[in-house]
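See structure below.
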Amino acid sequence: MEWITLASTVVGAGIATGSALLLDRRRWQRERRDRELETRRTLYGDYLACLSEARHACGNVARDPDMTPATRRTTAREAFGPCIGLRHQMTITAPDAVVAASEDAFRRLRDLRDGVMEGVRATDQDYLEGRGRYDDALAALRARMRQDLSPDLGGATAGR
């Protein structure tokens, strides 16, 4: 009879240990997902802010009729520069759907910047059309980011 007690104790300890390991693994996975989500949320905010600042600077350049061509080129180029590093971070951190939308917004803003560098003014049709294309691409990017950051929409792991 003593061996039944011993066997019951060993089986109980095995079940308890297995349950504890399973719970620890699930907690670790949940915490890892939460950290990854927070990393993406921070990166997305930084990237959107950078794009916004660059677009705003390009708009200011396009509205300034007294700026010399050399200053226009330099100012527009410098405003856009910080976006490049964040663009690369996006490509290695975000899901494919967000990266595609990110690339599109980046390219539309780069096109707008190039026009401003060439002398396009804020009231010119080229600027207005370029701004519209950029705004559309930015809206699509925000929608993809929101979808990725909303686990209840099934986006947190989509495209990975």
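The values are calculated or read from the model by the stated rules, or taken from the named source; none is laboratory data. Nothing here was measured: the structure is a model prediction, and the numbers come from that model. Note that each Cβ is placed from the backbone with ideal geometry, even for glycine, and that neighbours are counted across all protein chains shown. Note: accessible area is taken over every heavy atom of the protein model, side chains too, but ligands, DNA and RNA are not part of it. Shrake-Rupley method; radii C 1.70, N 1.55, O 1.52, S 1.80 Å.
Points to keep in mind about this one:
- Residues that are among the hydrophobic types (A, V, I, L, M, F, W, C), surrounded by fewer than 18 Cβ atoms within 10 Å (Cβ to Cβ) and either at pLDDT 95 or above or under 30 Å from Pro65 (Cα atoms) (or both) within segment 142-160 comprise just one, Ala143.
- Residue in segment 74-81 that is closer than 24 Å to Ala143 by Cα and modelled with pLDDT of 95 or more present: no
- Tabulated pairs, segment 18-41, first in contact (Cβ under 8 Å) with a residue 12 or more places away in the chain, second in a helix (DSSP H, G or I), C-beta under 7 angstrom, 6+ apart or interchain: Leu37/Leu149; Thr39/Thr93; Arg40/Thr93; Arg40/Asp148; Arg40/Leu149; Arg41/Leu149
- Matching residues, segment 116-130, being part of a helix (DSSP H, G or I) and in contact (Cβ under 8 Å) with a residue 40 or more places away in the chain: Val116, Met117, Tyr127
- Among residues that are open to solvent by less than 70 Å² (accessible area, probe 1.4 Å), over 23 Å from Arg108 (Cβ atoms) and either among the aliphatic types (A, V, I, L, M) or within 34 Å of the chain's Cα centre (by Cα) (or both), Ala20 is included.
- Among residues of segment 50-64, those that are under 15 Å from Glu118 (Cβ atoms) and open to solvent by 10 Å² or more (accessible area, probe 1.4 Å), counted: 1
- Out of Ala139, Ala105, sole residue that is at pLDDT 95 or above, among the aliphatic types (A, V, I, L, M) and surrounded by fewer than 21 Cβ atoms within 10 Å (Cβ to Cβ): Ala139
- Residues in segment 38-49 that are surrounded by 14 or more Cβ atoms within 10 Å (Cβ to Cβ) and of a type outside the set (A, V, I, L, M): Arg40, Tyr44, Asp46, Tyr47.
- Residue selected from segment 65-98 under the condition touching a residue at least 40 places away in the same chain (Cβ under 8 Å) and polar (S, T, N, Q), by the criterion surrounded by the fewest Cβ atoms within 10 Å (Cβ to Cβ): Gln89
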